[in-house]
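Note sheet for the following structure.
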Amino acid sequence: MLLDAPGKPLRLAERTLDSGEDRVLIRVRACGVCRTDLHVRDGDLAPSRLPIVLGHEVVGTVMRAAGGFDAGERVGVPWLGFTCDRCLHCAAGRENLCDEAKFHGLDLDGGFAEHMAADPRFVFRIPDAYEDLEAAPLLCAGLIGYRSLVLAGPGRQLGFYGFGAAAHILVQVAAHEGREVYAFVRPGDDSGARFALSLGAAWAGSSDERPPVALDAAIIFAPSGALVPAALRAVRKGGTVVCAGIHMSDIPSFPYEILWGERVIRSVANLTRRDALDFMAIAARTRIRTTVVPYPLERAEDALADLRAGSFEGAAVLAPSG
């Protein structure tokens, strides 16, 4: 499914795959549909080339041995697809900030396809306990959510603003760690609140409400800058507000007093290979229930539209028929 230009619908097409001997050739079994894909499709994020294949929550089967992977082995491919391995950021273990980094679905063709090829350094094994469709959201919603959770710190009482694909995974991880999650959903979204509670949230309410307790940290998964002041008001002194999205609408001005008290606002940028290894180890130990809504590959545009409209709970996943 090709994106020819931002704002245009994806189109079904056949093309030759660049699958050099140094790359892992993968038959795609499932590919999650991420909000970042929607941002690229709608023009909020500019791809480095066009046309391009979106998709960076890929689960598939290796078609030929390469890069330490055997033919027939099941693997996953995330957002990060290349780093230089030599800059100051890479040397410091912060390859997610590499200026030469490339990303699947933005700079490199991704998984909205029957086949893809990837640099083996950025391909990972998937825990056996997960079926293909349910494993797909782990590759971005899970990984970026996990990095956000780590950067939020060890606090016990956490707020999650926006209860979509990432939050519905991370609430289970946090609950397993003995933490309390206070879930904020769109005003009037009673089903979303019930969904959050069913997955282990201690409380669920509207994003325009104050939680019943002061929070140690808050993670904003929704791409709404207006939630930053709300989250600052909800966290206690010394608390952290983590903006987990790659794109967010402008943050409105707010009084200094809600930042004062050594509160912190920080963003999350991409992921590292270490994040992927650490989170996959957690997913192997902790059986995470992912709620997925399957779509055939040719309905990728419908999946993006439904994501935009908030028409489902959990995560949309494309399932190629080939």
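The values are calculated or read from the model by the stated rules, or taken from the named source; none is laboratory data. Values in this document were obtained by computation on a predicted structure and should not be read as measured data. Here the Cβ positions follow ideal geometry from the backbone for every residue, glycine too, while neighbour counts run over all protein chains shown.
Quick notes on this one:
- For first residues located in segment 12-32 and in the same structural domain as A65 (by TED's automatic domain parsing), partners that are assigned to a strand (DSSP E or B) and of a type in the set (F, W, Y) and lie 6+ apart or on another chain with Cβ distances below 9 Å form the pairs V24/F69.
- Checked against (1) under 19 Å from the mean Cα position of the chain (by Cα); (2) in the same structural domain as A166 (by TED's automatic domain parsing); (3) closer than 21 Å to N96 by Cα, D275 passes all but a single condition, namely (2).
- Residue match in segment 298-307 (condition: in contact (Cβ under 8 Å) with a residue 40 or more places away in the chain, assigned by TED's automatic domain parsing to the domain that holds H56, in contact with a His (Cβ under 9 Å, 6 or more places away or on another chain) and not aromatic (F, W, Y)): no
- Of residues in segment 278-322 being farther than 26 Å from F195 by Cβ and hydrophobic (A, V, I, L, M, F, W, C), the one farthest from the chain's Cα centre (by Cα): L297
- Per the listing E313, E262, E298, E257, the residue uniquely at pLDDT 95 or above, part of a loop (DSSP other than H, G, I, E, B) and charged (D, E, K, R) is E262.
- Residue identified as crowded, with 21+ Cβ neighbours inside 10 Å, of a type in the set (A, V, I, L, M, F, W, C) and under 24 Å from A166 (Cα atoms) among F103, F82: F103
- Some residue of segment 284-291 being in contact (Cβ under 8 Å) with a residue 40 or more places away in the chain, assigned by TED's automatic domain parsing to the domain that holds R27 and assigned to a helix (DSSP H, G or I): yes
- Residue in segment 13-30 that is crowded, with 17+ Cβ neighbours inside 10 Å, within 17 Å of the chain's Cα centre (by Cα) and not basic (K, R) present: yes
- Comparison of R210, R194, R186, R156 shows that the only residue that is free of Cβ contacts under 8 Å to residues at least 24 places away in the same chain, over 23 Å from L271 (Cα atoms) and among the charged types (D, E, K, R) is R194.
- Scan of segment 6-36 for residues that are farther than 26 Å from F312 by Cβ, in a loop (DSSP other than H, G, I, E, B) and out of contact with any Leu (no Cβ under 6 Å at 6 or more places or on another chain), ordered by number: E14, R15, T16, L17, D18, G20, E21, D22, R23
- First in segment 64-90 and touching a residue at least 60 places away in the same chain (Cβ under 8 Å), second anywhere and assigned to a strand (DSSP E or B) and aromatic (F, W, Y), Cβ under 7 Å, 6 or more apart: G76/F124; W79/F103; L80/F103
- Per the listing D302, D250, D275, the residue uniquely acidic (D, E) and buried (at least 18 other Cβ atoms within 10 Å of the Cβ) is D275.
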